[in-house]
Structures are given as C-alpha cells and as structure tokens.
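The values are calculated or read from the model by the stated rules, or taken from the named source; none is laboratory data. Note that this is a predicted model, so its numbers are computed, not measured. Methodologically, a virtual Cβ is constructed for each residue, glycine included, from the backbone with ideal geometry; neighbour enumeration extends over all protein chains shown. Ligands, DNA and RNA are stripped out before the accessible areas are found, and what is left, the full protein with its side chains, is counted by its heavy atoms. Shrake-Rupley method; radii C 1.70, N 1.55, O 1.52, S 1.80 Å.
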Amino acid sequence: MPWQTPPGAGATVFIWNGYSLAERDRRWNAVRANAAKAAFDCILVPLGNGIDGRYMTQLRCSAMALPTDGRAPIVIADRKSSNAWVPEPWQTGREWAEPMGEALLDLGMQGRRIGVVGLKGGLVTHCNSIDGVVNHTAFEYVKSKLPDARFDDATDVVGFVRYIKSAEEIAFVRCSAEIAAAAVDELVKLARPGVDAGVLYADVTARLLELRSEYYPLAMTADPIGTALPKYYRNPPIGKRIEKNTLINSEVNAISGAQLTQICQPIVLGAIPNEWKPVIELQKEIYTAGLDLIRAGMTLRALQDSVKNLSAKRDMKTVIQLQGCGYGDDGPLLSSRFKGEHLSDLRIEAGNALVWKPLVTSADERVRFAWGGPILVSETGSEPLFKREHGMVSVH
C-alpha cells in the first residue's frame with residue numbers, strides 16, 4: 001500500500017521551481033531512454049543525492065523511483081512539499097529508507113535491475129564525489145527489502161541528460177552569467193586600497209543576491225601580488241584590509257534557474273608587474289584557441305593536445321581548467337587535481353554549458369594567472385558569455 005504521511009507539523013522551505021511541465025517531461029523521458037539503453041528496469045534517485053533529486057523533481061529534498069516502462073514515478077518528499085511537477089508525492093518526515101523500499105516494491109521491482117544515481121562519481125556529474133553521494137544506511141535498508149533485485153550505479157544515466165542543456169536551461173545559463181558578470185563589475189568598482197576585505201566580500205555577495213542569484217559562496221584572495229600560496233576566503237575575511245599591490249583572484253558564482261555559472265577575473269591594486277605580462281599573454285592565447293576549438297564533436301583529448309602544443313615552446317606551465325555549468329558538481333572536470341585521463345574520448349556536444357578558464361604559470365609557479373567564464377557550445381563553435389576584455393584589471 002502507498003506510504004502514509006506521518007502525523008505532525010513540518011516546515012516547508014521554498015526552492016525555485018519555475019521550469020515548465022514540458023521540461024519535466026523532457027528530462028524524465030530522456031532519463032527513461034538512457035536507462036533502457038543501459039538495461040535498467042528502474043532508476044532510483046535515493047536519499048543523499050539532493051542535486052539529482054532537485055533536477056528530477058524541482059523539490060528541495062526528495063527521492064524518486066522512475067520505472068523505464070513509461071509508468072509514472074513515485075516521488076518521496078519532505079512533509080508538505082509538492083509542486084506542479086510532483087503534485088502528489090509520498091510525503092515523509094524523518095523516515096526515508098522505508099518509503100524508498102516501499103516505492104520499489106509497489107513498482108514491482110523484486111528481482112529486477114535497478115540503477116542507483118549517485119552511487120559513485122560519474123563522467124559528467126558528481127565529479128568531485130568519487131565515492132558517490134548516497135546515504136548508505138538508507139540504501140542498505142532498501143536493498144534488504146528487495147533481496148533478489150540487482151542494484152548498479154546509474155549516475156551517468158541522469159548525468160548525460162544534465163550534460164546537454166535544453167532551450168529553457170540555456171536561457172537561465174545566460175541569465176546566471178549576466179548576474180555573475182554584474183558581481184564582477186561590483187568587485188572591480190569597490191576594490192581599493194584601505195577597503196575592509198570583509199565588507200568588500202559582503203558587498204559583492206549582496207549584489208549577487210540583489211540580482212536574485214541563489215546563494216553560493218564567493219571565493220577570493222586578498223594577499224600581496226606574488227604571495228606563494230594566497231589564501232582563498234569562502235567567508236568574509238573579517239579584520240583584513242586591502243592594501244596597495246594586493247592581488248584579488250576570485251571565483252564569482254551565480255545561480256539562476258538552478259544553473260550555476262562562474263567567472264574568474266583577477267584584479268591588482270597597482271601596476272601589473274612586467275614578469276606577469278608574458279604569462280597573461282600566453283593565457284589569452286590558450287583561452288582564445290580553446291574558444292575556437294571547443295565545438296560539438298570535439299574530444300577532450302583534442303583540447304588537451306592543443307593546449308600542450310601551444311605551451312610546448314614556452315618556458316611556462318599550463319593547466320586546463322574546465323568544468324560544467326548546471327545544478328552543481330557538473331563536468332567534465334579538468335583541473336590540476338583532475339587530469340581527466342578517463343575523459344580523453346568524451347565528446348563535447350551542442351548544448352553544453354561549460355566554464356573555460358585555463359591556468360598559466362611561470363616555470364617556478366610563482367606567477368599564476370587564470371581568466372575566463374561560461375561558454376555555450378554549438379555545432380559551429382562556442383559562444384563566450386563573459387564579455388569583459390581579457391586581462392588583469394589594474395586599479396591605481
């Protein structure tokens with residue numbers, strides 16, 4: 001029998017849920033199609049995987065069992081939570097394992113193959129979560145309720161739907177990029193010697209929220225240019241003053257329509273030292289070459305080879321920094337930590353929204369420069385959504 005909502009009161013926390021029913025159907029049908037290709041009978045988005053839960057339901061906290069045969073899914077949600085996508089979820093309080101198991105049993109999944117989304121990191125989603133995001137206590141209980149079922153990872157089943165953005169999603173990616181760019185403008189306007197770094201951090205955050213971005217921590221440095229290991233602040237740096245010749249590196253993140261974008265624009269409060277100029281110039285060359293190269297059908301190996309060839313004759317080092325825009329922890333992810341050997345044959349697709357911000361350093365790595373922001377990929381190339389002139393902003 002259907003899960004019965006427990007008695008008692010519960011608070012409902014609002015979360016943006018403005019995508020259309022057509023977008024819901026597109027996502028659900030695409031996930032069903034991917035699941036069927038992978039020979040899954042059902043897809044489970046379990047407790048712990050809040051990112052994909054939100055992607056599939058537009059609810060703040062949910063779990064979903066989606067059969068691949070076209071039947072309606074069963075969604076478990078916080079008590080009093082519902083929306084146009086999921087008008088009648090199974091509502092729960094603190095009990096999640098029991099209704100997840102009951103949902104699979106109601107759908108007839110005994111002895112069937114069930115794909116679990118978020119069981120481990122995927123190729124294009126949950127890229128930082130190598131061991132996955134699933135609440136294993138609840139998951140083990142679900143498995144005990146269906147001892148004859150087979151449970152396998154299905155992170156990429158949903159991941160490759162998230163990877164290619166719809167027209168509705170692209171509109172919000174553009175909006176998110178505009179908000180992030182406005183916050184960068186605010187940072188450039190307010191960054192001056194003598195300014196309290198905590199107040200600067202708060203003012204830029206306030207600008208993001210004024211423009212209706214969801215909250216996401218700003219990351220910024222506030223140390224003298226040339227500092228070997230500058231500290232990145234993800235909370236206001238209370239008590240710190242901006243001084244002359246401070247280098248402000250920042251990751252300005254904005255979220256609109258659940259689409260996270262990021263812009264990186266370095267600022268120095270003084271003149272740009274001469275030793276930085278060739279590093280900045282090479283970064284510009286690599287960034288521009290990437291824009292020309294990144295298009296539908298390109299593999300990441302081609303991008304990696306191109307960057308390697310551009311920097312081969314220079315006495316400098318380069319690091320590809322690439323990540324996806326979207327609901328969070330989107331890929332493909334390439335960085336100094338994630339070299340992406342397993343991603344070499346991954347194809348870029350039309351409809352990808354990516355953050356492209358390659359890093360160039362001097363041979364001794366004392367000088368480090370990254371610049372860039374979100375781009376949209378089409379059949380013919382990539383469109384940068386960050387329109388500011390390339391380079392380091394010098395504030396005198």
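Considering only protein heavy atoms and a 1.4 Å probe, what is the carbon-and-sulfur percentage of the accessible area of the chain?
52
So if I average 1/r over every pair of distinct C-alpha atoms in the stretch 181-303 and take the inverse, what Kirkwood radius in Å does that give?
16.0
For the stretch 278-317, what does the alpha-carbon gyration tensor say about shape, rounded, prolate or oblate, given a ≥ b ≥ c as the root eigenvalues, a/c under 1.5 as rounded, and a/b over b/c as prolate?
Details: a/c = 3.82, a/b = 1.71, b/c = 2.23.
Oblate shape, in that a/c is at least 1.5 and b/c is the bigger or equal ratio.
Comparing Asp78, Asp69, Asp41, which has the greatest mean-square fluctuation in the GNM of the chain with Cα pairs linked when under 10 Å apart?
Asp69
Of Lys120/Lys165; Lys37/Lys120; Lys240/Lys313, which pairs sit farther than 29 Å apart, going by alpha carbon to alpha carbon?
Check vs 29 Å cut-off fails for Lys240/Lys313.
What nm distance separates the two modelled labels at Glu98 and Glu365, each placed 7 Å from Cα along Cα→Cβ?
Here the answer is 5.3 nm between the modelled labels.
Give the angle, between 0 and 90 degrees and rounded to the nearest 10, that separates the Cα long axis of helix 167-190 from the longest principal axis of the Cα atoms of the chain.
Long axis of 167-190 versus the principal axis of the chain: about 40 degrees.
Rounded to the nearest 20 debye, what is the charge dipole size of the chain about its Cα centre when +1 sits on each Lys and Arg Cβ and -1 on each Asp and Glu Cβ? Walk me through the intermediate numbers first.
Details: 45 positive and 45 negative charges, 98 e Å.
My answer is approximately 460 debye.
Which residue fluctuates most in the GNM of the chain (Cα springs below 10 Å): Ala258, Ala72, Ala103?
The residue with the greatest mean-square fluctuation here is Ala72.
Order His136, His396, His126 by their accessible area, 1.4 angstrom probe, all chains in place, largest first.
His396, His136, His126
Report the one residue of Gly132, Ile225, Leu187 whose Cα lies farthest in the direction of the positive end of the charge dipole of the stretch 118-274 (charges on C-beta: Lys and Arg +1, Asp and Glu -1; origin at the Cα centre).
It is Ile225, whose Cα lies furthest towards the positive end.
With each pseudo-label sitting 7 Å past Cα toward Cβ, what's the Lys387-Asn128 distance in nm, one decimal?
3.0
Regarding the stretch 9-147, what whole-number volume in Å³ per residue does the convex hull of its Cα atoms give?
About 112 Å³ per residue, rounded to a whole number.
If I take all pairs of Cα atoms in the chain, what percentage of them are more than 32 Å from each other?
Beyond 32 Å sits 40 percent of the P(r) for the chain.
Can you give the charge dipole size of the stretch 212-347 about its Cα centre, rounded to the nearest 20 debye, using +1 on the beta carbon of Lys and Arg and -1 on the beta carbon of Asp and Glu?
200
Specify whether the C-alpha gyration tensor of the stretch 232-366 places it in the rounded, prolate or oblate class, a ≥ b ≥ c being the square roots of the eigenvalues: rounded for a/c under 1.5, otherwise prolate if a/b is larger than b/c and oblate if not.
The shape class here is oblate.
Between Ala219 and residues 5 or more places away or on another chain, which pairs have amide H atoms under 5 Å apart, with H built 1.01 Å from N, and which residues are they?
Placed amide hydrogens put Glu251, Asn253 under 5 Å from Ala219.
Quick check for you: with a 1.4 Å probe and neighbouring chains kept, what is the accessible area per residue of the chain, in Å²?
Accessible area per residue: 43 Å².
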